[in-house]
Amino acid sequence: MGSLFEDALKRVDEAAERLNLDENIYRILRKPKKQVIVSIPVEMDDGTIRVFDGYRVHYNVAMGPAKGGIRFHPNVTLDEVTTLAMWMTWKCAVVNIPFGGGKGGVAVDPHKLSVKELERLTRRYTAEIIDLIGPDVDVPAPDVNTNSQVMAWIVDTYSMHMRKTVTSVVTGKPIFLGGSRGRREATGRGIMFIAREAGRVYGLPLKNATVAVQGFGNVGSVAAKLIAMHGARVVALSDVNGGIYNENGIDVNAALRKVEETGTIVGLEGTTPITNEQLLELDVDFLIPAALENQITRENADKIKAKIIVEGANGPTTTEADKVLNERGVKVIPDILSNAGGVTVSYFEWVQDRDGYFWKESVVNDRLEEVMTDAFNDVYQMSKQHNVPMRLAAYMVAIKRVADITKARGIYA
Ligand code: NAD
């Protein structure tokens, strides 16, 4: 099997080539700065000891401390963590926040552990990587199968080692432990700002536009709700159980209530059922894939009828599909730009913790809007200047920022 990292580098190579980047600098950007593997012995509730493999990678820290989540999943590998750390580098750079890229993970199925076992695993993993993390060094966050409780255990473990409370060592914490207002909605809200800006430049204002959203979790449900509040007609929604459709528009608040009551949107009154595949191929103005990776592929790319795709999920469009969509003139606003609202408010959380002064939600949202619209405009200008699709332009903006800083700093010898 090919390396995920080598494959991901191809998009970066293309951007570097278009930028005519200094080869000496680019050699640095193609490498992870630090990759650490740790063994994590954990005493199980039955007294046996299991040893898990854990990873933490700093891909590039030219712009500031490494930033990126920690995932607990049986398939976690060093290759995957390195790739995700590289993506975080470009994501932070594209929205121009002073962070580098990092990622961590433990190869474990957390659903098979008790809460106490999970806590012991989290604390020992934290202790094993303690020299790598810290508010000025590397600031982890939740990712697949980790949440605000896991972050709280990391804060506590780190604080015990430092002999003082340090909440800014991670983001994605509960609000009462230094979390930020507006963080839960930040990714979906960022998607709304990006869809609005894309609609503006491509002549498809959100007001009265038709929208389909795949995935109705943290990202998809908030994006759908806020986009509907801007006057768009959300005609289709879906979750893991299937999709729903109403050409006159779905009441997103009613869909949220339905999920609360039954665990799924399927069966919402006044809608007809559709499949996730059908949802992707609807004739709509905006399509927002906000569920999983690899949803738009070589198989369905030529059937996509949406005019603008705003990627909520990470990696929903494959490289082959990208080519087809570009040829057909579908505008794809890439994940590293569209879903960067989450990491942007994580940055705000870190700033608030370090200041010990917490912002009102309206302040968080206003500052998020400014960061997202500026980032959209930077990428759009790059795309026009070089006549390239938005994905390539986003990589070019990000890589140029990291390259310029690397060049200015020079090589420590
Ligand atoms: P979530 O678990 O809250 O929601 C996922 C949604 O997708 C659920 O509605 C689920 O039912 C649906 N789903 C799962 N499998 C599906 C399938 N096969 N077909 C259709 N729908 C399916 O997750 P989330 O936090 O909303 O994240 C969604 C995506 O956005 C992921 O790719 C994630 O990496 C990415 N993302 C999330 C954030 C964030 O802040 N939460 C930030 C950046 C990127």
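The values are calculated or read from the model by the stated rules, or taken from the named source; none is laboratory data. Predicted model, so just to flag it, every value in this text is computed and none were measured. For neighbour counting, all protein chains shown are included, and Cβ atoms are generated from backbone atoms with ideal geometry for every residue, glycine included. Areas reflect the complete protein model, heavy atoms only, side chains present, ligands, DNA and RNA absent. Shrake-Rupley method; radii C 1.70, N 1.55, O 1.52, S 1.80 Å.
Please give the calculated 222 nm ellipticity per residue for the chain, where each DSSP H segment of at least 4 residues contributes -39500 (n - 2.57) and the sum is spread over every residue; nearest 500 deg cm²/dmol? Display every interim value, and only then the final one.
Numbers: 14 runs with 190 residues, N = 413.
Calculated at 222 nm, the ellipticity per residue is -14500 deg cm²/dmol.
Counting alpha carbon pairs within less than 8 Å and at least 6 residues apart, what relative contact order, in whole percent, applies to region 298-356? Don't skip to the answer; put the middle values down first.
On the way: 47 pairs, mean separation 22.3, N = 59.
This gives 38 percent for region 298-356.
What fraction of the DSSP beta bridges in the chain is antiparallel, stated in percent and rounded to the nearest 5?
Values: 24 of 49 bridges.
Roughly 50 percent of the DSSP beta bridges within the chain come out antiparallel.
Say R0 is 25 Å: what FRET efficiency, to the nearest 0.05, do Asp7 and Asp136 get from their beta-carbon distance?
Values: r = 33 Å, r/R0 = 1.30.
It comes to 0.15.
Need the C-alpha centroid separation for region 82-114 versus region 308-342, integer Å.
20
Counting only GluC sites (Glu not before Pro) that sit in a DSSP loop (anything but H, G, I, E, B) with at most 15 other Cβ atoms within 10 Å, what is the longest stretch of the chain containing none of them? If you can, show how the numbers build up before the last one.
Working: sites that count: Glu247, Glu269, Glu293, Glu299.
Here the longest run is 1-246.
Give me the one-decimal nm value for the distance between modelled label points at Met229 and Leu256, 7 Å along each residue's Cα-to-Cβ direction.
0.8
Taking all protein chains in place and a 1.4 Å probe, what share, in percent, of the accessible surface of region 186-338 do carbon and sulfur account for?
Numbers: 3050 of 6390 Å².
Of the solvent-accessible surface of region 186-338, carbon and sulfur hold 48 percent.
Leaving out same-chain residues fewer than 8 places away, which aspartates and glutamates sit with a Cα under 13 Å from that of Lys360?
Those aspartates and glutamates meeting the cut-off are Glu349.
Amide H neighbours of Phe52 under 5 Å, counting only residues 5+ apart in sequence or on other chains, H built in-plane at 1.01 Å?
Sorted by chain and number, the residues that satisfy this are Ile40, Val42.
Taking a probe of 1.4 Å, how large is the accessible area per residue of the chain, in Å²?
Numbers: 18390 Å² over 413 residues.
Per residue, the chain has an accessible area of 45 Å².
Can you give the accessible area of His386, probe radius 1.4 Å, in Å² rounded to 10?
So the heavy atoms of His386 present about 50 Å² to solvent.
State to the nearest 20 debye the size of the charge dipole of the chain about its Cα centre, where the only charges are +1 on K and R beta carbons and -1 on D and E beta carbons. Each step should come with its number before you reach the end.
Numbers: 49 positive and 52 negative charges, 198 e Å.
The calculation lands at about 960 debye.
So for the chain, taking the charge dipole from beta-carbon charges (+1 Lys/Arg, -1 Asp/Glu), which of Ile70, Val94, Ile405 sits furthest toward the positive end?
Positive-most Cα among the choices belongs to Ile405.
Ordered by residue, what ³J(HN,Hα) values in Hz, to whole numbers, does region 205-214 give under the Karplus form 6.51 cos²θ - 1.76 cosθ + 1.60, where θ = phi - 60° and Gly and Pro are x?
These are the phi-based 3J(HN,Hα) values: x, 4, 4, 6, 5, 9, 9, 10, 10, 8 Hz.
Mind checking which of Leu337, Val240, Ile288 is farthest towards the positive end of the chain's charge dipole, using Cβ charges of +1 (Lys, Arg) and -1 (Asp, Glu) about the Cα centre?
Working it through, the farthest residue towards the positive pole turns out to be Leu337.
Let me spell out the model: positive unit charges on the Cβ of Lys and Arg, negative unit charges on the Cβ of Asp and Glu, origin at the Cα centre of region 277-343. What dipole size does that give, in debye rounded to 20? Don't skip to the end; give the middle numbers.
Numbers: 7 positive and 12 negative charges, 37 e Å.
In total the dipole reaches around 180 debye.
To the nearest 20 debye, what charge dipole does region 186-338 have about its Cα centre, counting +1 at the Cβ of each Lys and Arg and -1 at the Cβ of each Asp and Glu? Before the final figure, lay out each step's value.
On the way: 15 positive and 19 negative charges, 111 e Å.
So the magnitude is around 540 debye.
Need the list of lysines near Lys331 for cross-linking: C-alpha distance under 23 angstrom, and skip anything on the same chain fewer than eight residues off.
Lys10, Lys91, Lys207, Lys225, Lys303, Lys305, Lys307, Lys323, Lys384, Lys400
For region 186-338, what does the equivalent ellipsoid look like in terms of its semi-axes, each the square root of 5 times an eigenvalue of the Cα gyration tensor, given largest first in whole Å? Provide the component values of the computation, followed by the final result.
On the way: eigenvalues 98, 56, 39 Å².
Listed largest to smallest, the semi-axes of region 186-338 are 22, 17, 14 Å.
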